[in-house]
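In what follows, a single structure is set out as structure tokens and then discussed.
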Amino acid sequence: MTTRTGNATARPRRRSSRRPRRIDADTAALNSATSESTSRTATTSVTGQIRMNMRGFGFIDAGDSPDVFVRADQLRGFLDGDVVKADVVTKGTKTSGQTLQLIERNRHSVVGIVELFNERPVCRIDPAVAGWFAFLAPSAAALEGLSVEVTLKRRNATIVANLGAPTSPAAIRALVMSRYNLNASDDYSADTLIEGAPTGRHSVQRRDLTELATLTIDGEQSRDLDDALSVTSRDDGTMTLYVHIADVAEHVTAGSNLDRSAQQQTTSVYLPGWNRPMLPRSLSEDLCSLLPGVRRDTLTAQFNVSEFGDVSNVAIYESAIVSDHRLTYTSVENVLLEPATSDMDAQAARLVRDLAEVARRLDIMRCGRGSTSREHDTQTLDVCDIDGETVIVGIPAAPEAHALIERCMVATNEAVGVWLVERDLAIVCRSHDSPSDRRGRIAAFSESVGVKAPGGETITASSIADWMSELDELGGTAATAGSMLLRFNQERARYIPRVAPHFGLAAPVYVHFTSPIRRYADLAVHRIVKAHLGNGNGNSAVQSEAEQRWAQDVADACDRDANRAARAERETRAMMWLSTMRPGDQHSAVVTGCEANYVRVSIAESGVSGTVSYDVLNAHPSSDGYGLCALSNTTSEVAWSLGDKINVSVAAVDVLSSLLTLEPLPN
């Protein structure tokens, strides 16, 4: 399915008699414009980064210290992400940051919309970045209503790019990249590119696996192929899985310019119509990519999988492979579900079936441990940028193929984590905490549907698995609602430089190892593994203070940037989806929660979130304190609760603020 939608029209012409607010932005010290006229008490000072709120006020993030609230009038001339020093002033019971001084600014430009005030063009900067206006040259009046990228100097802005209609794909991407301060350039100096060229070195330890039948499974458009698979069967019924990962560390030397660049990025970023790889494309899409028919250096994780999914005999070593088959998720799905209609090579088809059996076994083990990580998405459509327009396209359904890869990669990451712990090596874990701190909401939901709440003071993965089984037995929407409750109440996974469990996967330790082309955390783990292999693969290593500091720095940077990239991708897709919606459009949706003033719902086919006001429903939430139960009014019961499927129509859309207001329709 393909539906083409044109760009939304530019914003209507607005005029105002209100004077634009003064701009005081410069790389020299910036002082807030106002001071308290009444008496005040300056208790201390604080240094940290500004975090803007789209409503104009903000906070100073001071690291381990509590955030400091800053009023909008104190933020004129400052941008989100600025490092500032401020007085922390207490007046009565209220504390706020005042008299801000700029210490460091990391932004080179911002994105905004051209508007006219008093016949003079100004740039209304993205409110997520700044709550003020900057003056433009008179000639910019011709761009009224369009999105522009500008550089700032004090109260003036200079246009460096005309981005077109604010809701066009290009303008939305530029806005989000500016909002999250993502580097849009992937240009590298010639010297840096030379650093990544093949060295001609061949480790004497590298095993030649070029005769082992090997394949890759990726999306149709993927170019950075960093994992390949092989599988063999043993006489005792166990199966041996070989997971070959691109040996990026062989091309990216620690401490080199190339490595420093990767450390600054820490992750590849993928937005609709655009991507910025962590490494130069000459590496990510060629020299490191496991393309078919060419010899590639890899790190191989090899382990046996029993009939019940138990993993044993883990070995990790440097290797060389040649990928025999480049498969896609769609072709793998076809050979698994409709083998009679598949034209896949016989050897590749046999490998796919064997890998599917390995994945089935691994899933038995994960379910037995109580893993709660499962696919929840009902999204059937996606948005992309085709010739500068937002286009809605169908998502090819390939759940079995995706599950095959996911189970093999998860098992590999866990096996590598255990391997590192057994050798007392430095580690950068991917940790995921139990939702025990939110057990009140889970208990309230359990009581509402008539099942026992999972766990006691601490919720375990196995107790969640038993709880989900009970919900399945209830039928109806109970299991869907339970899964949704977990999804919206789980802790965020994060990188930490020590051994820690992963609750969602029910894994005692978990690392990222399988995507070193795209994630610096994986490259860091590769270096730890390779250093140990190079030292003889025998003795345990005592971590030095320098190694611990390095692991902490890597974990902090990777955690920050992975979260930022994920939010940027979600926001870009949401805005592009909203640009296709018009008042009156009708959609199927699912109730995902009740907030103070509205019901939160998710559009089924797109995953976009919207709200339905209680005023529209003439209802109010039940007083369970958790927003999980049915709504009610004085005349009838509005039977909306978590997980319910409803029909809605679009009432209003604000694309750039990612706000979607909905109205209910009769089901």
Could you grab me the full set of residues in the stretch 309-340 that are without any contact (Cβ under 8 Å) to a residue 60 or more places away in the chain and not polar (S, T, N, Q)? Gly309, Asp310, Ala315, Val335, Glu338, Pro339, Ala340
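Name every residue in the stretch 467-481 that is assigned to a helix (DSSP H, G or I), in contact (Cβ under 8 Å) with a residue 40 or more places away in the chain and not aliphatic (A, V, I, L, M), in order of residue number. Reasoning before the result, please.
Filtering the stretch 467-481 for residues assigned to a helix (DSSP H, G or I) gives 467-474, 478-481.
Pick out the ones that are also in contact (Cβ under 8 Å) with a residue 40 or more places away in the chain and you get 468, 478, 480-481.
Matches in the stretch 467-481: Thr480 only.
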Does Ile245 meet the test of being within 23 Å of Glu357 (Cα to Cα), of a type in the set (Val, Ile, Thr) and out of contact with any Asp or Glu (no Cβ under 9 Å at 6 or more places or on another chain)? no
Test each condition in (1) outside any helix (DSSP H, G or I); (2) closer than 28 Å to Tyr520 by Cα; (3) small (Gly, Ala, Ser) for Ala397 and report the one that comes out false. (2)
When the stretch 599-621 is examined, which residues are found to be in contact (Cβ under 8 Å) with a residue 24 or more places away in the chain, part of a strand (DSSP E or B) and open to solvent by 20 Å² or more (accessible area, probe 1.4 Å)? Ser609, Thr611, Ser613, Pro621
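If you check Val352 against the conditions, is it touching a Cys at 6+ places or on another chain (Cβ under 9 Å), closer than 17 Å to Met409 by Cα, open to solvent by less than 30 Å² (accessible area, probe 1.4 Å) and outside any loop (DSSP other than H, G, I, E, B)? First the steps, then the outcome.
Working: touching a Cys at 6+ places or on another chain (Cβ under 9 Å): no; closer than 17 Å to Met409 by Cα: yes; open to solvent by less than 30 Å² (accessible area, probe 1.4 Å): yes; outside any loop (DSSP other than H, G, I, E, B): yes.
Against the criterion (touching a Cys at 6+ places or on another chain (Cβ under 9 Å), closer than 17 Å to Met409 by Cα, open to solvent by less than 30 Å² (accessible area, probe 1.4 Å) and outside any loop (DSSP other than H, G, I, E, B)), Val352 does not qualify.
For (1) modelled with pLDDT of 95 or more; (2) buried (at least 16 other Cβ atoms within 10 Å of the Cβ); (3) over 27 Å from the mean Cα position of the chain (by Cα), each residue gets a yes or a no:
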{"position": "Ser139", "(1), (2), (3)": "yes, no, yes"}
{"position": "Leu143", "(1), (2), (3)": "yes, yes, yes"}
{"position": "Asn162", "(1), (2), (3)": "yes, no, yes"}
{"position": "Asn183", "(1), (2), (3)": "no, no, no"}
{"position": "Gly196", "(1), (2), (3)": "no, yes, yes"}
{"position": "Leu212", "(1), (2), (3)": "yes, yes, yes"}
How about the stretch 393-428: which of its residues are closer than 30 Å to Pro272 by Cα, open to solvent by 10 Å² or more (accessible area, probe 1.4 Å), of a type in the set (Val, Ile, Thr) and at pLDDT 90 or above? Ile405, Val410
Taking strands (runs of 3 or more DSSP E) that fall entirely within the stretch 51-166, which contain at least 1 residues that are touching a residue at least 60 places away in the same chain (Cβ under 8 Å) and among the charged types (D, E, K, R)? 110-117, 120-125, 147-153
Considering residues of the stretch 80-96 that are under 25 Å from Ala157 (Cα atoms) and surrounded by fewer than 22 Cβ atoms within 10 Å (Cβ to Cβ) only, the residue nearest to the chain's Cα centre (by Cα): Gly81
On the basis of being over 25 Å from Ala415 (Cβ atoms) and of a type outside the set (Asp, Glu), does Arg234 make the cut? no
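Can we say Ala130 is within 30 Å of Val88 (Cα to Cα), out of contact with any helix residue (DSSP H, G or I) (no Cβ under 6 Å at 6 or more places or on another chain) and not aromatic (Phe, Trp, Tyr)? Break it down stepwise before answering.
Numbers: within 30 Å of Val88 (Cα to Cα): yes; out of contact with any helix residue (DSSP H, G or I) (no Cβ under 6 Å at 6 or more places or on another chain): yes; not aromatic (Phe, Trp, Tyr): yes.
Criteria met by Ala130.
Select from the stretch 482-500 the residues that are open to solvent by 80 Å² or more (accessible area, probe 1.4 Å) and not in a loop (DSSP other than H, G, I, E, B) and list them in ascending order.
If the condition is that a residue be open to solvent by 80 Å² or more (accessible area, probe 1.4 Å) and not in a loop (DSSP other than H, G, I, E, B), then Arg487, Phe488 are the ones that fit.
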Only unsatisfied item for Pro435, checking (1) farther than 30 Å from Val529 by Cβ; (2) of a type outside the set (A, V, I, L, M, F, W, C); (3) open to solvent by 20 Å² or more (accessible area, probe 1.4 Å), is (3)
Ile442 being among the hydrophobic types (A, V, I, L, M, F, W, C) and not in a loop (DSSP other than H, G, I, E, B): yes
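For the stretch 250-258, does any single residue satisfy the condition of being in contact (Cβ under 8 Å) with a residue 12 or more places away in the chain, closer than 20 Å to Thr216 by Cα and in contact with a Gly (Cβ under 7 Å, 6 or more places away or on another chain)?
No.
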Selection from the stretch 97-127 of residues that are among the aliphatic types (A, V, I, L, M) and surrounded by 21 or more Cβ atoms within 10 Å (Cβ to Cβ): Leu100, Leu102, Val110, Val111, Ile113, Val114, Val122, Ile125
For the stretch 292-314, enumerate the residues that are within 21 Å of Arg326 (Cα to Cα) and open to solvent by 50 Å² or more (accessible area, probe 1.4 Å). Pro292, Gly293, Val294, Arg295
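Residues being open to solvent by less than 30 Å² (accessible area, probe 1.4 Å) and at pLDDT 95 or above: count how many of those fall in the stretch 504-527.
Initial filter on the stretch 504-527 (open to solvent by less than 30 Å² (accessible area, probe 1.4 Å)): 504-507, 509-517, 520-526.
Within this subset, residues satisfying the condition of being at pLDDT 95 or above are 509-517, 520-526.
Selection size over the stretch 504-527: 16.
Can you give me the number of residues within the stretch 261-272 that are out of contact with any Ser or Thr (no Cβ under 9 Å at 6 or more places or on another chain), outside any strand (DSSP E or B) and open to solvent by 10 Å² or more (accessible area, probe 1.4 Å)? It would help to see each step written out before you state the result.
Going residue by residue through the stretch 261-272, those that are out of contact with any Ser or Thr (no Cβ under 9 Å at 6 or more places or on another chain) are 262-267, 269-270.
Checking the rest, the ones that are also outside any strand (DSSP E or B) come to 262-266.
Still in the list and also open to solvent by 10 Å² or more (accessible area, probe 1.4 Å): 263-265.
Number of matching residues: 3.
The values are calculated or read from the model by the stated rules, or taken from the named source; none is laboratory data. Quantities reported herein were computed from a predicted structural model and do not represent experimental measurements. Positions of Cβ are generated from backbone atoms using ideal geometry, with glycine treated the same way; all protein chains shown enter the neighbour counts. The protein model used for the area step is the full one, side chains on, heavy atoms only, and it has no ligands, DNA or RNA in it. Shrake-Rupley method; radii C 1.70, N 1.55, O 1.52, S 1.80 Å.
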